[in-house]
1. Residues in the range 77-101 that are under 19 Å from K284 (Cβ atoms), surrounded by fewer than 24 Cβ atoms within 10 Å (Cβ to Cβ) and among the aliphatic types (A, V, I, L, M): how many?
2. Mind telling me which of the residues D274, D270, D279 ends up being of a type outside the set (S, T, Y), over 25 Å from the mean Cα position of the chain (by Cα) and within 21 Å of T92 (Cα to Cα)?
3. A180 passes all but one of (1) assigned to a loop (DSSP other than H, G, I, E, B); (2) at pLDDT below 95; which number fails?
4. What's the number of the condition T263 fails, among (1) among the polar types (S, T, N, Q); (2) under 26 Å from G52 (Cβ atoms); (3) under 25 Å from the mean Cα position of the chain (by Cα)?
5. Going through F210, F253, F185 one at a time, which residue ends up being under 26 Å from G15 (Cβ atoms) and either within 19 Å of the chain's Cα centre (by Cα) or aliphatic (A, V, I, L, M) (or both)?
6. Which residues, counting only those in the range 333-353, are buried (at least 22 other Cβ atoms within 10 Å of the Cβ) and without any contact (Cβ under 8 Å) to a residue 60 or more places away in the chain?
7. Being of a type outside the set (G, A, S) and under 22 Å from I106 (Cα atoms) is the filter here; which residues of the range 46-62 pass it?
8. Name every residue in the range 196-239 that is farther than 17 Å from Y182 by Cα, touching a His at 6+ places or on another chain (Cβ under 7 Å) and among the small types (G, A, S), in order of residue number.
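The values are calculated or read from the model by the stated rules, or taken from the named source; none is laboratory data. Given the structure is predicted, the values throughout are model-derived calculations rather than measurements. All Cβ positions, even for glycine, are placed from backbone atoms using ideal geometry, and neighbour counts span all protein chains on display.
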Amino acid sequence: MTEGASLPRRSALTGLHHQLGAGMMEWNGMLVPSSYSDDILSEYQAIRQKAGLTDMSGIRKIRVSGPDAGAFMDYCITRNAQAIPPGGAAYTALLNDAGRLIDDAIAFRLDAPSSRLYAAGWLICTGGGSGLDMLMQTARDPGHHFDVNLHVDDDLHCLMIQGPAAAGVITSLFGDDTPASYRKFGHGLARLADTSVLVARTSYSGEDGFEIFAYPDTAQTIWNTLLRQHADTVSPAGFTALNIARIEAGLLFFGQDMTGQETPAELGLDFIVDAEKTDFRGRKNYLACHKSPRIMTMGVVLEDGPGFTAGDRLTANGTRADAEQAGIIRSAVHSPWLDKTIGIAHISTAYAVTGSNLDVVPARTASHSSGARVQVTSRRFIRQPVLPL
């Protein structure tokens, strides 16, 4: 994606990224930083060792208000929305009528001060799928009769800071230890000068982390303040470094590991579905198919050979003419933590056995193995300290 390409969305931080020498990539209709130099390892190490700062404004931010906001959210997401307390949030999914996962999201139930600031009871942040379209369609559907208003807020920017030093930086930034005391997914307002911003304890790397939601001028101020006043601790981290960290932690990315064709069970995400709810979109077909997944989403680690990349196929029985298609690699990186090539793969249930081995057939070839061989593993390659829920 060229810098001059026309995209429907723009981050107010784009100029600051350019000043730092960032290479840019397109995600979700917005240019986002891929990296700030050729030294991807340093950006990755910022996340793992100190604090990495990433512009996540490309996520879709939708404010939900109206008398039926709670009922609307409960129908649209797979979690029990009524069980999320004000000031709490949940990682969740949005399904289509076929029970397939079409987007993942974090649903924030705003507390009273946040609700007044944003004129909404809920803030839902969706990924790179078609969740926004589904929310809009459902809100307009006369068959549901939801008295609800949706506001897509592209002016609301999102800065993510994550790493072992993140909590200390947040406390220093706001002069208040309240945000650093939040449990995982907790959130609330914090003051910066004379402006209130929403701070949430969420991350996308396996590390402790926070998201700061702010409007353009304040977002620019926060970005500059963090990099100038905390230069020994905070470094910018682009999506390439973030991709390494999230794969190591076994976290999925829509458009790579999730395509809109898989069920939550096939993605290992049954835990974000509250199936006892009486109704949510796609529930009937979800219940019909979740016990018989076609594939499983697993980790793979290079055992022998030249390596693998996303799109490579996995086979059983090596290079034999009757070698059986066993799966496809969806994401692949070299892990600095493990010093190994690792990936996330969709593997047919018959071959999704931890500890088993499969052969790699490069996507660019018709049938010949590359000589690479992978071991099937859990997709969570590293386990960092977990915050209490």
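1. 1
2. Numbers: D274 fails: over 25 Å from the mean Cα position of the chain (by Cα); D270 fails: over 25 Å from the mean Cα position of the chain (by Cα).
None of the other options fit; the residue is D279.
3. (1)
4. (2)
5. Numbers: F253 fails: under 26 Å from G15 (Cβ atoms); F185 fails: under 26 Å from G15 (Cβ atoms).
Matching residue, one of F210, F253, F185: F210.
6. Those that are buried (at least 22 other Cβ atoms within 10 Å of the Cβ) and without any contact (Cβ under 8 Å) to a residue 60 or more places away in the chain: A345, I347.
7. So in the range 46-62, the residues of a type outside the set (G, A, S) come out as 47-50, 53-56, 59-62.
Residues satisfying the conditions are I47, L53, T54, D55, M56, I59, R60, K61, I62.
8. Across the range 196-239, the qualifying residues are A214, A219.
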